[in-house]
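Structure record follows, encoded as structure tokens.
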Amino acid sequence: MKNYVIGLDYGTDSVRAVLIDTENGQEIASEVSYYKRWANKQYCNAAINQFRQHPLDHIEGLETTIKAVVSQSKINPSQIKSICIDTTGSSPIPVTEDGTPLALTTEFAENPNAMMILWKDHTAINEANEINELSATWGGENFIKYSGGIYSSEWFWAKITHIARVDEAVKNAAHTWMEHCDLMTYLLIDNKDLKSFKRSRCAAGHKALWHEDWNGLPPVEFLEKLDPYVAQLRGKLFNETYTSDVVAGNLNQEWATKLGLTTDTVIAVGTFDAHSGAVGAKIDENTLVRVMGTSTCDILVSDKDIVGTKTVKGICGQVDGSVIPGYIGLEAGQSAFGDVLAWFKDTLSWPLDNLVYTSTLLSDDQKTQLKAEIESNFIKTLTQQAEVIPLSESIPTALDWVNGRRTPDANQGLKSAFTNVSLGTKAPHLFKALINAICFGSKKIVDRFEEEGVRINSVIGIGGVARKSPFIMQTLANVLNKPIKVAASDQAPALGAAIYAAVAAGIYPNVIEASKKMGSDFESEYFPESDKIEAYQELMDSYSDLAKFVESITK
């Protein structure tokens with residue numbers, strides 16, 4: 001009798017479930033659910049970089065997608081052995097003593113501070129700066145050394161400290177806080193003891209300063225110098241963490257009934273999407289996996305004997321077992337990748353939204369048809385025209401920091417900029433400049449790893465951008481001067497979560513063996529074009545000069 005597992009992948013805009021045959025990684029069924037409240041921009045304020053999500057979007061999406069794949073497949077529920085959940089992060093959420101999100105209580109149902117603080121929320125810049133200064137001056141262990149030496153406003157402690165300072169009611173009502181991947185796992189399992197619940201090694205190590213060297217999270221002595229609240233919170237969190245090949249518990253009866261499954265289905269410890277995506281793409285040593293979507297996450301694994309106690313400066317953490325148990329997982333990334341191009345599209349669309357689509361000269365049917373036509377051709381036409389602009393032509397230089405800089409050297413206060421703009425500069429020139437910028441930002445990450453002694457022999461791209469934009473992928477290959485393979489799976493993070501699930505269920509002995517059997521094949525490969533390498537290096541130099549200048553004038 002065949003065995004099947006489910007990978008549930010929470011992205012920024014939607015959640016997707018895949019039902020996978022453990023024998024060969026074949027996708028039997030899949031379903032996507034978009035977050036309704038998020039789509040309406042509820043609880044968000046982009047002007048202050050506030051991005052919050054209601055947990056109901058995630059709970060409703062979980063039920064919709066898993067029920068759908070179970071129903072579509074017509075597989076006997078007893079054959080569905082395990083589920084693993086991956087999410088974005090760091091995306092913490094305040095919960096009550098029984099693990100209920102505050103946003104599900106009447107008092108906090110519409111309070112943005114009680115929602116999940118999404119990974120891209122940058123309202124905690126001041127708190128992150130405090131953590132960095134405190135780490136350097138408090139006189140004890142440097143707790144940020146395994147997090148690249150810089151703590152980010154995108155991460156756990158900074159976000160919690162910020163919410164506690166701006167919202168007394170949320171601070172007093174929250175018994176504790178959970179990462180998104182932990183919350184959704186806890187929701188499904190039968191063990192409802194928060195104290196013994198198995199928290200994600202990946203989330204805690206990369207975002208919450210958990211490390212074996214100090215036996216868990218930073219101690220109260222350090223945290224109380226940051227804020228008395230987080231020092232008090234420390235005792236309501238955890239010390240131990242677990243990799244995602246470990247069983248968190250069995251599916252509880254309530255959710256087994258809702259999903260059409262049995263309580264024999266095991267639930268694996270949760271993880272982050274980029275790390276599971278790397279597993280889904282068959283990551284190996286010295287291979288950089290780039291998860292390319294609204295932002296990027298760049299994942300490497302290294303043997304413990306090679307990394308040892310060396311700390312890599314300016315990245316997003318190095319954690320034992322966060323990708324493959326037994327190996328050090330290293331993370332970096334860009335705060336905006338696809339978001340850079342989405343911002344440009346939104347900017348160019350202003351006259352359409354405010355003049356054309358509101359015009360009384362057009363009927364509602366004409367507006368609908370026109371909008372559909374423009375949407376389907378907007379980026380495609382910009383790409384076609386940008387692609388044919390020769391590198392010898394005057395191309396503006398742009399920075400990719402529309403949402404700050406994640407790595408190298410996190411600084412979420414940085415902003416984007418353009419130079420070399422003239423009367424001859426048209427929209428396709430600016431679009432090409434932005435594509436160059438996201439590729440140059442990628443090169444800075446690769447350079448930092450290699451400067452720190454972490455070898456990169458090959459690159460794998462996964463995600464929507466990697467599969468849908470040959471122009472971006474070819475530009476990236478030219479800028480990195482490295483070949484790039486593209487994973488064939490549309491759902492590499494969900495597939496990676498399914499691989500963890502298969503190991504947790506005992507179907508495979510370890511993640512490496514499971515990944516070899518179940519991981520994605522590759523559908524294409526891009527090679528550097530030798531005649532363009534020098535031109536891109538000159539443009540990269542301009543990017544570096546502009547970056548230095550903007551950083552020097554940013555307070």
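Sorted fewest first by neighbouring Cβ atoms within 10 angstrom, 265, 257, 271 come out as 257, 265, 271. Let me know the shape class of segment 197-304, please: from the alpha-carbon gyration tensor, a ≥ b ≥ c as square roots of the eigenvalues, rounded when a/c is under 1.5, otherwise prolate if a/b is greater than b/c, or oblate. Note, shape of segment 197-304 comes out oblate. Relative protection proxy for 58-71, 277-290, from highest mean packing down: 277-290, 58-71 (other beta-carbon atoms within 10 angstrom). From the alpha carbon centroid of segment 256-313 to that of segment 65-120 is 19 Å. Summary of the geometry: segment 391-442 and segment 127-146, compared by the centres of their Cα atoms, lie 32 Å apart. Annotation: Cα Rg of the chain relative to the compact-globule expectation 2.2 N^0.38 Å equals 0.95. Straight-distance candidates among the lysines for linking to residue 426, with alpha-carbon spacing under 17 Å and chain neighbours fewer than 8 residues away dropped: 345, 380. In terms of packing, defined here as the mean over residues of other Cβ atoms within 10 angstrom, the peptides 150-159, 354-363 line up highest first as 150-159, 354-363. Computed over segment 282-418, the convex hull of the alpha-carbon atoms projects to a mean area of 12.6 nm².
For segment 85-188, the equivalent ellipsoid derived from the alpha-carbon gyration tensor has semi-axes of 26, 16, 12 Å in decreasing order.
If you take the Cα centroid of segment 176-239 and the Cα centroid of segment 342-372, the two points sit 47 Å apart.
Entry note, the chain: the mean residue ellipticity at 222 nm calculated from DSSP H runs of n ≥ 4, each adding -39500 (n - 2.57), is -12000 deg cm²/dmol after division by the residues and rounding to the nearest 500.
By the count of other C-beta atoms within 10 Å, a proxy for reagent exposure, 458, 322 are ordered fewest to most as 458, 322.
Determine the alpha carbon to alpha carbon distance for each of 282/485; 198/313; 74/468; 145/548; 195/313; 120/159 and list only those over 22 Å. The answer is 198/313; 74/468; 145/548; 195/313.
Throughout, read-outs are computed from the coordinates displayed, never taken from laboratory work. Keep in mind that what you see is a predicted model, and the values were worked out from it rather than measured. As a convention, Cβ positions derive from the backbone with ideal geometry for all residues, glycine included, and neighbour counts pool all protein chains shown.
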